[in-house]
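I have placed the structure first, in the form of structure tokens, so that the comments after it can refer back to it.
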Amino acid sequence: MRKIRKPDCEPIRFGHVAIVVLGLFLATFVVSAQPAISEEVPKEAEDKVVFVPPPIGAPADRITAGTRSAQPSSNALVFLSPKAGGYTTNPQPTLYWFLPRPYRGTLNLVVTEVATEPQVANGTITVDLSKGLYALNFSQMNFSLRSGRIYLVALDLSDAKQGPLQSSTYVEVVDLNLDEEKTIASFAKRGLWFDAIDAGMRTAHSGLATVIDEEKMLELFSSAGVAIPWTE
């Protein structure tokens, strides 16, 4: 894997009131009631990572109206997640994203609760980043997601000179106690995408992300039908 240069920026910190204008369309959404994720684990081989989508469907599948975020192309800024988003047991999750080319300019982040459409958190910083893999750590931003709510997390690195770099993903926190060892495979079997990918990453305070076990990560992405941008 290509070594990622340390970005010349500080971790994102933001509040709850400022409005960031993005070149993204956020439609009105209606969210269905949240059923519980099954605590039964499918009988898959324990030595292989197999992502099993939860029977309740992905977060975007439970939005009964509105426009889903588009699936990013291979040459675009991309969140590492299925196009319909994913689940986590962590109210302060770490989301991972891939930058396809160097970028110097403004990074805009907006978190929206799609049930009511308010921007619940946002932030803007100036960055100087190389092509590579990065982490968006909600604990470093001192912000928590509420359980049972679907959030749209959107990044925008666009400017007039360098062209658009935008991506978004859906995230939902679920209450689920795991007694077993917390590994990529155990999270994947329960459909906890963001927990599974986080178990296979190492994140520096600066935001740099490194894959710990590339073989397991390849199995995770392949079984979920998600493209791996850093191998293209």
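The values are calculated or read from the model by the stated rules, or taken from the named source; none is laboratory data. Just so we're clear, the structure is a prediction, and the values are computed from it rather than from any experiment. So basically every Cβ, Gly included, is an ideal-geometry build from the backbone, and we count neighbours across all protein chains shown.
For the stretch 121-154, the tally of residues that are under 21 Å from VAL174 (Cα atoms) and either in contact with a helix residue (DSSP H, G or I) (Cβ under 6 Å, 6 or more places away or on another chain) or surrounded by fewer than 16 Cβ atoms within 10 Å (Cβ to Cβ) (or both) stands at 7. With respect to the conditions (1) hydrophobic (A, V, I, L, M, F, W, C); (2) modelled with pLDDT under 90; (3) closer than 19 Å to PRO59 by Cα, LEU208 falls short on a single one, namely (3).
Checked against the criterion of being more than 22 Å from ALA60 (Cβ to Cβ), within 17 Å of the chain's Cα centre (by Cα) and assigned to a strand (DSSP E or B), the stretch 211-224 contains one or more residues that satisfy it. Checked against (1) more than 16 Å from the chain's Cα centre (by Cα); (2) closer than 22 Å to SER222 by Cβ, SER81 passes all but condition (1).
Conditions tested, residue by residue: (1) within 22 Å of SER158 (Cβ to Cβ); (2) surrounded by 18 or more Cβ atoms within 10 Å (Cβ to Cβ); (3) among the basic types (Lys, Arg); (4) at pLDDT 90 or above.
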position: ALA27; (1), (2), (3), (4): yes, no, no, no
position: ALA45; (1), (2), (3), (4): no, no, no, no
position: ASP61; (1), (2), (3), (4): no, no, no, no
position: SER74; (1), (2), (3), (4): yes, no, no, no
position: PRO82; (1), (2), (3), (4): no, yes, no, yes
position: TYR87; (1), (2), (3), (4): no, yes, no, yes
position: PRO102; (1), (2), (3), (4): yes, no, no, no
position: GLY105; (1), (2), (3), (4): yes, no, no, no
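Checking LEU176, LEU220 one by one, the residue that is within 30 Å of ALA115 (Cβ to Cβ) and at pLDDT 95 or above is LEU220 and no other. PRO164 falls short on exactly one of the conditions (1) more than 22 Å from THR210 (Cα to Cα); (2) of a type outside the set (A, V, I, L, M, F, W, C); (3) surrounded by 22 or more Cβ atoms within 10 Å (Cβ to Cβ), and that condition is (3).
Could you tell me how many of the residues in the stretch 155-187 are charged (D, E, K, R), out of contact with any helix residue (DSSP H, G or I) (no Cβ under 9 Å at 6 or more places or on another chain) and outside any loop (DSSP other than H, G, I, E, B)? Before you say what the answer is, go through the steps one by one.
First, pick out the residues of the stretch 155-187 that are charged (D, E, K, R): 156, 159, 161, 172, 175, 179-182.
So of that shortlist, the ones also out of contact with any helix residue (DSSP H, G or I) (no Cβ under 9 Å at 6 or more places or on another chain) come out as 156, 159, 161, 175, 179, 181.
Still in the running and outside any loop (DSSP other than H, G, I, E, B): 156, 159.
Selection size over the stretch 155-187: 2.
Kindly indicate whether PRO54 is within 18 Å of ASP175 (Cβ to Cβ) and either within 13 Å of the chain's Cα centre (by Cα) or modelled with pLDDT of 80 or more (or both). Write out each step before concluding.
On the way: within 18 Å of ASP175 (Cβ to Cβ): yes; either within 13 Å of the chain's Cα centre (by Cα) or modelled with pLDDT of 80 or more (or both): yes.
So PRO54 fits the description; yes.
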